[in-house]
Amino acid sequence: MNATSLEGAADGGDDVDGAGAHGTAPDATAPGRIVLLTTSHRVAPGLLSWAAWQALHGADRVLCADGAHPQLPYLREAGIAVDETSPAAEELLGACAGGRTVVVVATGEGEPRLTDGLARLAGSGRIQMPDLELLPASYDLPGARLLDLVQVMDRIRVECPWSSQQTHKGLAKYGIEEAYELVEAIEEGDRDELREELGDVLLQVIFHARIAEEGRPEDGAEPFSIDDVAGGIVTKLIHRHPHVFGDETATTPEEVKEHWLRTKAVEKQRTSVTEGVPLGQPGLALAAKLSSRARTAGLDVPLPQGEGVGYELLALAARAEAEGVDPEAALRAAARVYRDAIRATEG
């Protein structure tokens, strides 16, 4: 329908004897009510709040400027007549005349032309304005913006000449770089940088998962998606936290770690405590991790004796781990002090 349908709304429209949606005669002097209904595209269409459904069913008119709005099929299925029209502010006031309620289902861009016009009329002080209400009909849940990231990555993967050619192996170096930059932001205590670097690391996860969706079974690469990735870590977290999601109890961090190691051992069925330790990680971190695995398993394994700085560093890393110190972080902190000293000497 076009804007001319609002004339009928102002004059009573199709309501019998000029009655509103509730079957009662409207007050000819009442300015009425305008409800701007907003929805989130991150929530499935039709999943609206109870207050929104009440407003829609109780309205004298429901308007929407976007005939392709995803909510319209569900509103009409619920028996709500929607006029596809984009009225000016003056026209909307006329539709509310006589105490009527008009609900405007906002488009994805909102209704800036309409709201600006209403603000202009209200600011004039010459017009009795209807009651104005902003009613969010659906809300973003925590993590909803991740859906936007998935959609953006989908488009980039298809349309960007560089991104469309990337592989897991080709992206591996960026994952390492972003992880180091994240650690640096943490150690520097820069929260703005931390937020940005977390986003960069998250991008790597989304990017790899998007590539994995294109896995070719004939090459032995079974496809999986970001939902599979998320589902897997959710299952792992629940299983490894029986003190949260199960019947076990843990009151100290040490008990939590014990639960974690026990359930992990059952899951992995490893024959050596060294399994799963990536040998490609930085040397100090590798040495500390091996020392931690041996100590946690109760293995008394003497450090190998040999000549050279490598064995000295191994002993230092093992000592740091036993004292609860991250040798990599400690060395980086010392290196930053050394860097500052160099700069000071340079003037």
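A short reminder: the numbers here are calculations on the coordinates, not readings from a lab. Model, not experiment: these values are computed from the prediction. FYI the Cβ positions are ideal-geometry reconstructions off the backbone, even for glycines, and counts take in every protein chain you see.
Summarising the label geometry, the points placed 7 Å from Cα in the beta-carbon direction at E77 and L279 lie 5.7 nm from one another. Dividing the summed -39500 (n - 2.57) terms of all DSSP H runs of n ≥ 4 by the residue count of the chain sets its mean residue ellipticity at 222 nm at -16500 deg cm²/dmol. Here D340 and V309 are evaluated by their C-beta separation; at R0 = 25 Å the FRET efficiency comes out at 0.55. Diffusion coefficient (Stokes-Einstein, Kirkwood radius over C-alpha pairs, 25 °C, 0.890 mPa s) for segment 260-347: 164 µm²/s, rounded to a whole number. Our summary gives segment 188-347 a relative contact order of 12 percent, counting only alpha carbon pairs under 8 angstrom and 6 or more residues apart. When the Gaussian network model of the chain links Cα atoms closer than 10 Å, the mean-square fluctuations of E312, E84, E214 top out at E312. For the chain, the longest principal axis of the C-alpha atoms and the axis of helix 283-296 are separated by about 80°. The per residue volume of the convex hull around the alpha-carbon atoms of segment 21-123 is 100 Å³. Angle between the Cα long axis of helix 253-268 and the longest principal axis of the chain, 0 to 90 degrees, nearest 10? It works out to around 90 degrees.
For the chain, the relative contact order is 13 percent, taking Cα pairs closer than 8 Å that sit 6 or more residues apart in sequence and dividing their mean separation by the residue count. Remark: spin-label model distance V205-H57 equals 4.1 nm, labels positioned 7 Å along the Cα→Cβ axis. What the Cα convex hull of the chain gives, in volume per residue, is 284 Å³. Determine, from the Cβ-Cβ distance of V152 and Q128 and an R0 of 51 Å, the FRET efficiency 1/(1 + (r/R0)^6), rounded to the nearest 0.05. E between V152 and Q128, to the nearest 0.05, is 0.65. Sort out the exposed loop chymotrypsin sites (Phe, Trp or Tyr not before Pro) in the chain (DSSP loop, at most 16 other Cβ within 10 Å) and tell me the longest stretch that has none. Segment 1-138 is the longest. At most 15 other C-beta atoms within 10 Å and a DSSP loop state: those are the exposed trypsin sites (Lys or Arg not before Pro) I care about. Give me the longest piece of the chain that has none. Here the longest segment lacking exposed loop sites spans 127-269. Between R120 and E196, the modelled label-to-label distance comes to 4.0 nm, taking each label 7 Å out from Cα in the direction of the beta carbon. Normalised radius of gyration (Cα atoms, divided by 2.2 N^0.38 Å) for segment 195-325: 1.36.
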